[in-house]
Amino acid sequence: MEKIHHIAIEVSDIKKSISWYKANTDCKVIYEDSTWAMLEYSNIYLAFVLPKMHPPHIAFEKVNASKYGELKKHRDGTSSVYVKDPSNNFIEMLKKDN
């Protein structure tokens, strides 16, 4: 089976969202900037994205992510490409760079 790396949800305020999730769930903030953040849980990551900055999406870890298109390198040591499913949802095909 494949692994879901993270789910990205759209929020109106990154800092307020981080504060709420830290106060109400047991998580660790592993990245934060003015446009997105990533929280770590024991079984998945949760990303916060701002409208029109990054699309809300589900990210799957794929060894063969490049078969979906040209991968873009990210600061966190991953590379990915966005595709859309038949219902027009964004899906991120993500490869961890080793």
Inset, instruction - Could you please find all residues in the stretch 19-28 being of a type outside the set (Lys, Arg) and open to solvent by 40 Å² or more (accessible area, probe 1.4 Å)? - result: SER19, TRP20, TYR21, ALA23, ASN24, THR25, ASP26
Inset, instruction - Inspect all residues belonging to the stretch 58-70 and state whether any of them is exposed (fewer than 13 other Cβ atoms within 10 Å of the Cβ) and either outside any loop (DSSP other than H, G, I, E, B) or aliphatic (A, V, I, L, M) (or both). - result: yes
Inset, instruction - Within the stretch 89-98, count every residue that is within 17 Å of ILE9 (Cβ to Cβ) and open to solvent by 50 Å² or more (accessible area, probe 1.4 Å). - result: 2
Legend entry - Flag for VAL83 being at pLDDT 95 or above, β-branched (Val, Ile, Thr), in a strand (DSSP E or B) and in contact with a Phe, Trp or Tyr (Cβ under 6 Å, 6 or more places away or on another chain): yes
Legend entry - Set TYR82, TYR45, TYR41, TYR31: member being open to solvent by 70 Å² or more (accessible area, probe 1.4 Å) and among the aromatic types (Phe, Trp, Tyr): TYR82
Inset, instruction - Could you please give the count of residues in the stretch 1-19 that are hydrophobic (A, V, I, L, M, F, W, C) and over 21 Å from MET53 (Cα atoms)? - result: 2
Inset, instruction - Report, by residue number, each residue of the stretch 1-48 that is at pLDDT 95 or above, among the charged types (D, E, K, R) and more than 23 Å from ALA65 (Cα to Cα). - result: GLU10, ASP13, LYS15, LYS16, LYS22, ASP26, LYS28
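The values are calculated or read from the model by the stated rules, or taken from the named source; none is laboratory data. Computed from a predicted structure; not experimentally measured. Cβ sites come from the backbone with ideal geometry, for glycine too, and all protein chains shown count toward neighbours. Calculation scope for accessible area: heavy atoms of the full protein, side chains included, ligands and nucleic acids excluded. Shrake-Rupley method; radii C 1.70, N 1.55, O 1.52, S 1.80 Å.
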